[in-house]
1. Using only the Cα atoms, work out Rg/Rh for the chain, with Rh taken as the Kirkwood radius, to two decimals.
2. Could you state the number of Å between the C-alpha centres of the stretch 81-102 and the stretch 105-146?
3. Could you give the dipole magnitude of the chain about its Cα centre, charging the beta-carbon of Lys and Arg +1 and that of Asp and Glu -1, in debye to the nearest 20?
4. To check my understanding: the extent here is largest minus smallest coordinate of the Cα atoms along each principal axis. What are those three numbers for the stretch 65-146, in Å, largest first?
5. If you project the alpha carbons of the stretch 75-123 onto their three principal axes, what span does each projection cover, largest first, in Å?
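Read the figures in this text as sums done on the coordinates, not as results from a lab. Source: prediction; values computed, not measured. Neighbour counts run over all protein chains shown; Cβ positions are idealised from the backbone, glycine included.
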Amino acid sequence: MSYPVLLTLHLFAAVAFAGTVFFEVVMLEGVRRHVPREAMRIMESAIGTRARRVVPWILLVLYGAGLGLAWQHRAALAQPLASGFGLLLGLKIVLAASVFGHFLTAMALQRRGRLNARNSRRIHISVFGHVVLILLLAKAMFYLHW
């Protein structure tokens, strides 16, 4: 697959994933205190059901295209300390792997019936922080040089 196609798929999937995480962490938390507890529980359940259907496909495209893009930059990744681009891309990949680990952890907790509100909130906040750092690194890779 060509680089521009991979880049476009990766970008759209990143926007969808980052937007989903932003919505859950920033928007829903801001609404929580204005909505009755039972209504919020129903809304979160409905959003969670929809997210469990859509997000795995978004992640498949995001990580699949990301692997294709990383392959294109394998020379920089082979010696990540040799360039700013390689180092920042390597850090971005480590953070992306951590996000994937968070996703797997959430799925495992869900299957075991242990994904309570506190665990879910902690995972979402951590993923949100990772996503913000990944977005900053994605831009910095092309503008910071040393």
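1. For the chain, the value is 1.03.
2. Between the Cα centre of the stretch 105-146 and that of the stretch 81-102, the gap is 13 Å.
3. Working: 16 positive and 4 negative charges, 114 e Å.
The calculated dipole for the chain is roughly 540 debye.
4. 46, 20, 19
5. Projected onto the principal axes, the Cα atoms of the stretch 75-123 cover 45, 16, 9 Å.
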